[in-house]
1. Can you tell me how segment 41-97 classifies by the Cα gyration tensor, rounded, prolate or oblate, using a/c under 1.5 as the rounded cut?
2. For the pair residue 84/residue 50, report the inter-label distance in nm, with labels modelled 7 Å from Cα in the Cβ direction.
3. Counting other beta carbons within 10 Å of each Cβ, put 51, 84, 64 in order, fewest first.
4. If you stretched the chain out fully between residue 43 and residue 62, how much longer would it get, using 0.36 nm times the residue separation minus the C-alpha to C-alpha distance?
Amino acid sequence: MFKKIVIGTLALGITLGVGSTFASPASAAELSTQEVKAQDIKYVTGYKVTYWGLSDYNDIPDYYNYSIGGYKGTLELYNFEPRYDGGWTAFYQGYVSN
């Protein structure tokens, strides 16, 4: 979804050689809006993942692939805490879509 928005924005600078542009700013903006509305997007925050057996907090992955209830996306690490049993609890956040 996001790649299409970027490609539509980049197409604005391509000319046909007669002074007209390949895509007008209005049509690119409408296309981007339609693509966003076509998918249900939600923001996930505070998603907890527990890791055991990691020797150091630097071993906690910076990203987590989220796939629950039809929503998919990559969440980013924003906080972590040591566990009493020697593991780590990591907290992730980010946008997911279905």
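No value in this document is a laboratory result; all are computed from the given coordinates. From a predicted model like this one, the values you see are computed outputs, not experimental measurements. Cβ placement follows ideal geometry from the backbone for every residue including glycine, while neighbour counts extend to all protein chains displayed.
1. Values: a/c = 2.50, a/b = 2.39, b/c = 1.04.
Cα axes put segment 41-97 in the prolate bin.
2. 1.2
3. Details: 51 15, 84 5, 64 19.
Starting with the residue having the fewest Cβ neighbours, the order is 84, 51, 64.
4. Numbers: separation 19, 0.36 × 19 = 6.84 nm, distance 1.74 nm.
Taking 0.36 nm per residue and subtracting the Cα distance, the gain is 5.1 nm.
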